[in-house]
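Report on the structure given below.
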Amino acid sequence: MDSIRLRSLPRLFLALLLFFVSFGYAMAQGAQPAAGEVGTSKNPSEAGVTPGTVAAAAPAAAAGTTTADPAAIAAGDALFKANCAQCHAINDVVVGPAMAGIAKRRPMSWLIPWIKNSSKMVASGDEYAVKIFNEYQKQQMPSFQLSDAEITSIIAYVTDAETKTVAVGTGLDSKSGDQAAVDGTATAGGEASSSMNILLIVLVVVLIVLVVTLVIIANIMKDVLRGRKDLDGRDREQIEQRFDYSRIYKSTAVRGIVGAVFVLAVLYETIQGAMGVGLSQGYQPTQPIAFSHKLHAGENQIDCAYCHTSVYKGKSANIPSPNICMNCHSQIKTESPEIKKIYRAIERKQPIQWVRVHNIPDLAYFNHSQHTQVAGLECVTCHGPIENMEVVYQYSALTMGWCINCHRETPLNTKGNGYYDNLVKLHDSKNGAVPFTVSSNGGTECSKCHY
Ligand code: HEC
Ligand code: HEC
Ligand code: HEC
Ligand code: HEC
Ligand code: HEC
Ligand code: HEC
């Protein structure tokens, strides 16, 4: 009798553990929508409205209240990540300005035409547009074929995300610079995860208290049983036995679970790996000489084309030969061990073995001059903030989708380019309302890049 009761103790323990874990999980599940509700409308019937009605919610957001529809915010989140996050973050300047407070800075009537076609706004002489354009070194923000409702939802998302970051606050004005620039996701959803954390801590504390209580109860029961006279030898053995840890890893159940977790982990890694074959975004090899773009292109403002001489003229942007370094380093920092590596390369007549960072496969054709000289794109659009990089890393994905997306969205730079005059006339006479993008000119045809 007693031995049976005693054996069921671990089971009771396990049942309690499972109960608390599932209880905690259910609580955590419940906590998520609760946290999300902070920025939502008080009117539950508004949930799940169509994008058309979203427009009505936005002026309220612009007025500073945080009343916006969760569906619109979610849609805005997705749109922002897909279109804007490569250049904008909520609280940090990436390529373009930080988005926080945008609804207070500019009215919707300004934001919509700006996002649809910022260069048109600048050309029209809009005071604010010209000012911000000049402030950001005349970098053109691409045009977006988004509907008014879609733009409204992006702004709703920004407003929502900024209130959340303020709420979570933590006082640090998250200047985690590069990291935020890379993932661009800022701290949206931070609120939900912080309440999750509190819940987890509470859960762990409860579990510890529970374990301690159970150990105490077990000891008391042992003492009581030891005092009893009517027990036979087997029962006594049962009471006095020490907990045998080897039983845990010998048990088939534990081995099965560990095995399953291992197999799942390997499977997950393999699938992730297979999905990312050929993707090398973020690749940042160590270079043979500690050459810093931050120092040269950033602080000393040396023009990119001073070193990458063919970037406006040719297919590829060349890497400078040691002779170009010598223009300055025959005088500057001549004693530095890093600079001595340049001298050694010249003495031995051997090129410096820079490690290539960007490399699209030979099956695709990419031409720099077409993009820098003809299209007038800035290096930063594709290479990110090189002038802040101590060591260069691959900023863009360089996938086919990346090329094509930009070709779909970017209007052709036809101004002052006689080659395009007739094409533009032809395009405008057929469908003038649609902007004349790279893809309208055949820039998404396979043979433009593969041949
Ligand atoms: C390729 C980079 C790039 C992308 C992508 C981009 N922007 Fe911009 N954005 C800029 C730059 C640069 C500026 C500063 C103005 C200028 O130089 O034209 C700017 C300015 C702005 C401004 C004005 C900010 C202010 O403080 O007044 C808003 C609003 C804006 N962008 C919204 C968006 C939205 C919304 C998207 C996505 C649909 C987007 N941007 C995508 C680069 C970009
Ligand atoms: C003083 C010379 C110099 C200047 C100025 C300079 N670079 Fe470089 N750049 C180099 C050298 C050397 C390398 C190869 C070593 C490395 O990757 O850091 C390089 C590498 C690069 C790469 C990576 C090439 C690869 O392997 O894929 C990019 C992209 C790049 N530079 C862009 C720029 C841009 C954009 C600017 C202007 C903002 C600039 N560089 C200014 C010398 C220069
Ligand atoms: C237009 C002039 C110029 C050119 C060209 C140039 N540099 Fe520099 N470089 C500088 C200046 C200025 C400094 C900063 C010196 C200082 O900190 O006092 C510097 C610093 C450095 C340093 C840091 C040295 C140290 O020990 O602090 C390295 C490494 C370096 N350069 C490598 C290169 C390489 C490699 C090239 C050729 C690809 C190159 N530089 C081309 C101007 C130049
Ligand atoms: C439209 C996007 C785009 C723009 C704009 C752009 N690059 Fe590139 N860059 C690329 C791609 C893609 C590669 C990889 C090319 C390859 O592997 O053939 C690359 C490679 C490079 C390299 C490595 C050498 C090479 O040609 O493979 C350097 C250096 C470089 N870029 C510098 C620059 C500089 C400097 C500018 C601005 C004047 C610039 N790039 C503008 C997309 C761009
Ligand atoms: C940031 C935007 C952007 C990105 C990213 C970009 N391109 Fe382009 N591309 C343009 C623009 C703008 C033009 C039009 C230039 C002109 O006026 O001819 C263009 C033109 C071209 C052309 C000539 C098309 C024609 O009609 O003659 C080719 C080929 C091309 N790009 C290949 C690529 C490849 C390959 C990639 C990716 C590795 C790429 N581009 C990434 C903006 C981009
Ligand atoms: C704007 C330029 C561009 C256009 C247009 C384009 N591609 Fe690509 N394509 C690329 C680039 C760049 C890569 C290499 C991307 C990579 O390595 O991830 C590529 C890769 C590929 C690959 C190899 C995929 C792989 O995983 O290795 C195939 C197949 C392909 N493209 C087919 C096509 C077809 C079919 C079309 C026409 C519908 C097309 N491409 C149009 C730029 C382009």
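The values are calculated or read from the model by the stated rules, or taken from the named source; none is laboratory data. Just so we're clear, the structure is a prediction, and the values are computed from it rather than from any experiment. FYI the Cβ positions are ideal-geometry reconstructions off the backbone, even for glycines, and counts take in every protein chain you see.
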* Counting just the residues of the stretch 325-355 that are within 19 Å of Ser292 (Cβ to Cβ) and of a type in the set (Asp, Glu), which one comes out surrounded by the fewest Cβ atoms within 10 Å (Cβ to Cβ)? -> Glu335
* Looking at Leu363, Leu426, Leu398, which is the one that is in contact with a His (Cβ under 8 Å, 6 or more places away or on another chain) and exposed (fewer than 14 other Cβ atoms within 10 Å of the Cβ)? -> Leu363
* Identify the single condition in (1) touching a helix residue (DSSP H, G or I) at 6+ places or on another chain (Cβ under 7 Å); (2) at pLDDT 80 or above that Gln238 does not satisfy, given that it satisfies every other one. => (2)
* Asked: For the stretch 374-382, does any single residue satisfy the condition of being away from ligand 3 (no atom under 11 Å from the Cβ), at pLDDT below 90, within 23 Å of Tyr136 (Cα to Cα) and not in a loop (DSSP other than H, G, I, E, B)?
  -> yes
* Ile239 passes all but one of (1) free of Cβ contacts under 8 Å to residues at least 24 places away in the same chain; (2) β-branched (Val, Ile, Thr); (3) over 23 Å from Ile352 (Cα atoms); which number fails? -> (1)
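Please indicate, with yes or no, whether at least one residue in the stretch 340-349 is of a type in the set (Gly, Ala, Ser), closer than 20 Å to Val391 by Cβ, assigned to a helix (DSSP H, G or I) and within 10 Å of ligand 3 (Cβ to nearest atom). It would help to see each step written out before you state the result.
Here is the first cut: in the stretch 340-349, the ones of a type in the set (Gly, Ala, Ser) are 345.
From what is left, the residues that are closer than 20 Å to Val391 by Cβ are 345.
Now narrow it down to the ones that are assigned to a helix (DSSP H, G or I): 345.
When the remaining residues are screened for being within 10 Å of ligand 3 (Cβ to nearest atom), the result is 345.
Within the stretch 340-349 (the criterion being of a type in the set (Gly, Ala, Ser), closer than 20 Å to Val391 by Cβ, assigned to a helix (DSSP H, G or I) and within 10 Å of ligand 3 (Cβ to nearest atom)), the answer is yes, since at least one residue qualifies.
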* Gly443 is checked against (1) surrounded by fewer than 11 Cβ atoms within 10 Å (Cβ to Cβ); (2) part of a loop (DSSP other than H, G, I, E, B) and fails just one. What number does that condition carry? -> (1)
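Let's see how each residue does on (1) within 16 Å of ligand 5 (Cβ to nearest atom); (2) at pLDDT 85 or above; (3) outside the structural domain of Asp160 (by TED's automatic domain parsing):
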site: Ser45; (1), (2), (3): no, no, no
site: Pro51; (1), (2), (3): no, no, no
site: Ala58; (1), (2), (3): no, no, no
site: Thr67; (1), (2), (3): no, no, no
site: Leu79; (1), (2), (3): no, yes, no
site: Cys87; (1), (2), (3): yes, no, no
site: Val122; (1), (2), (3): no, yes, no
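Mind checking whether some residue in the stretch 387-394 is in contact (Cβ under 8 Å) with a residue 12 or more places away in the chain and in a helix (DSSP H, G or I)? Show your work before the answer.
If we filter the stretch 387-394 for residues that are in contact (Cβ under 8 Å) with a residue 12 or more places away in the chain, which is where we start, we get 387-394.
Right, trim to in a helix (DSSP H, G or I) and you get 387-388.
There is at least one residue in the stretch 387-394 that is in contact (Cβ under 8 Å) with a residue 12 or more places away in the chain and in a helix (DSSP H, G or I).
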* Say we look at the stretch 414-451 and pick out the residues that are in contact with a Ser or Thr (Cβ under 8 Å, 6 or more places away or on another chain) and within 16 Å of ligand 4 (Cβ to nearest atom); which of these is farthest from Asn367 (Cα to Cα)? -> Thr437
* Within the stretch 395-411, can one find any residue that is closer than 22 Å to Gln281 by Cα and away from ligand 1 (no atom under 16 Å from the Cβ)? -> yes
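Every residue, every condition in (1) assigned to a loop (DSSP other than H, G, I, E, B); (2) polar (S, T, N, Q), yes or no:
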| site | (1), (2) |
| --- | --- |
| Leu264 | no, no |
| Leu267 | no, no |
| Gln272 | no, yes |
| Pro285 | yes, no |
| Lys294 | no, no |
| Gln301 | yes, yes |
| Met326 | no, no |
* Taking only pairs six or more apart or across chains, which ones have beta-carbon atoms under 7 Å, a first residue in the stretch 429-451 that is in the same structural domain as Lys120 (by TED's automatic domain parsing) and modelled with pLDDT of 75 or more, and a second residue that is surrounded by fewer than 10 Cβ atoms within 10 Å (Cβ to Cβ) and of a type in the set (A, V, I, L, M, F, W, C)? -> none
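Collect the residues in the stretch 396-424 that are part of a loop (DSSP other than H, G, I, E, B) and within 15 Å of ligand 6 (Cβ to nearest atom), keeping them in residue-number order. Reasoning before the result, please.
Within the stretch 396-424, the first condition is being part of a loop (DSSP other than H, G, I, E, B), and the residues that meet it are 396-399, 410, 412-417.
Selection gives Ser396, Ala397, Leu398, Thr399, Thr410, Leu412.
Just give me the residues in the stretch 425-440 being part of a helix (DSSP H, G or I) and farther than 19 Å from His371 by Cα, in sequence order. Spell out the reasoning first.
To start, the set of residues in the stretch 425-440 that are part of a helix (DSSP H, G or I) comprises 425-431, 439-440.
Scanning the stretch 425-440 gives Lys425, Leu426, His427, Asp428, Ser429, Lys430, Asn431.
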* Could you list, in sequence order, the residues of the stretch 307-324 that are loosely packed, with under 13 Cβ neighbours inside 10 Å and outside any loop (DSSP other than H, G, I, E, B)? -> Asn323
